[in-house]
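A.B. asks: This is the structure, below, for whatever I ask next.
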Amino acid sequence: MADTVLYEVSDGLATITLNRPEAMNALNIATKVALRDAVRTAAADDAVRAVLLTAAGDRAFCVGQDLKEHIGLLAADRETGSGQTMSTVREHYNPIVRALAGAAKPVVAAVNGVAAGAGFGFALAADYRVVADTAAFNTSFAGVALTADSGISWTLPRVVGPARAADLLLFPRSISAQDAYELGIANRVVPAAELRAEAERVARKLAEGPTVAYAAIKEAVAYGLTHSLDETLDKEEELQVRAGRSEDHTIAVQAFVNKEKPKYLGR
């Protein structure tokens, strides 16, 4: 992978780090390709039981598209008439969000600074967001005459409600970490100096947990958002059967009976 994205696996936890702090972790083509490949690798690896998505530096988690590169690509499009620049949504953003949201394991985002545009979208695609008290969020898209991408038109209304989502998308502005917490965007806010340690603690706890059950919880919640109660009840039955057949369920029940702490295997 490119050095703009770092990938490391330790004790079941895959840590993916955006590594362009000098550019506020903006997404040029090399970074988007590397991030897509890293997220897909983590999602497909059975040895990975949780994912931590974070970024280098203290100014930004990710400010979205690298506009310096983007403007050059737009100029090339005008010369060739190819229109290839906006294919990045199909080739990069959509696969990244699908891999994050669809991973059969929990994904934690450690938001260390500004999360704007696609950076905001990637954070929302995670299952849990630990946010530095100095961080901020901004939809940004309308500010550069674009519509929403990176899944944010699906995730943001489900987090803050459709009316607030429309407000934040139509009138892009900085949302403080505390406001993000009150809106439900941030799951917890911690002092910036404690962010990495706290996010790792959360992610490692999930990596040590019942992975099959976590995957089922993710699937159930996503399914329930777009299906009827009757359909969701049937889905819950299906997923509970799957979880009930897992080794981790047997381990958990036996540990409960023995008054011990369960040691899950992730299967």
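The values are calculated or read from the model by the stated rules, or taken from the named source; none is laboratory data. Given the structure is predicted, the values throughout are model-derived calculations rather than measurements. Glycine gets a Cβ as well: all are built from the backbone with ideal geometry, and neighbour counts include every protein chain shown.
A.B. asks: Please count how many residues of segment 52-99 are in contact (Cβ under 8 Å) with a residue 12 or more places away in the chain, of a type in the set (Val, Ile, Thr) and more than 30 Å from residue 204 (Cβ to Cβ).
C.D. replies: 3
A.B. asks: Another question, if that's okay. Identify the residue in segment 123-134 that is assigned to a helix (DSSP H, G or I) and out of contact with any strand residue (DSSP E or B) (no Cβ under 7 Å at 6 or more places or on another chain) and, among all such residues, is surrounded by the most Cβ atoms within 10 Å (Cβ to Cβ).
C.D. replies: 125
A.B. asks: Across segment 149-169, what is the total count of residues that are surrounded by 13 or more Cβ atoms within 10 Å (Cβ to Cβ), aliphatic (A, V, I, L, M) and free of Cβ contacts under 8 Å to residues at least 24 places away in the same chain?
C.D. replies: Looking only at that region, the number is 2.
A.B. asks: Of all the strands (runs of 3 or more DSSP E) wholly in segment 4-104, which have at least 1 residues that are within 25 Å of residue 219 (Cβ to Cβ)?
C.D. replies: The strands (runs of 3 or more DSSP E) meeting that bar are 5-10, 13-18, 50-55.
A.B. asks: Right, here's the next one. So if I check each of 120, 137, which one is among the aromatic types (Phe, Trp, Tyr), part of a helix (DSSP H, G or I) and crowded, with 20+ Cβ neighbours inside 10 Å?
C.D. replies: 120
A.B. asks: Additional query: Looking at this structure, is residue 115 in contact (Cβ under 8 Å) with a residue 40 or more places away in the chain and within 17 Å of residue 194 (Cα to Cα)?
C.D. replies: no
A.B. asks: Sticking with this structure for a sec: Which residues, counting only those in segment 170-223, are small (Gly, Ala, Ser), in contact with a Phe, Trp or Tyr (Cβ under 8 Å, 6 or more places away or on another chain), over 14 Å from residue 112 (Cα atoms) and surrounded by 15 or more Cβ atoms within 10 Å (Cβ to Cβ)?
C.D. replies: 209, the sole residue that qualifies.
A.B. asks: Now, a different point. Here are 266, 209: which of them is in contact with a Lys or Arg (Cβ under 6 Å, 6 or more places away or on another chain), farther than 18 Å from residue 101 by Cβ and either not assigned by TED's automatic domain parsing to the domain that holds residue 51 or not aromatic (Phe, Trp, Tyr) (or both)?
C.D. replies: Only one candidate qualifies: 266.
A.B. asks: Scan segment 220-244 and report the pairs whose first residue is over 22 Å from residue 154 (Cα atoms) and whose second residue is modelled with pLDDT under 95, with Cβ atoms within less than 8 Å and a gap of 6+ or a chain change.
C.D. replies: none
A.B. asks: Here is a follow-up. Can we say residue 109 is buried (at least 23 other Cβ atoms within 10 Å of the Cβ) and not in a loop (DSSP other than H, G, I, E, B)?
C.D. replies: yes
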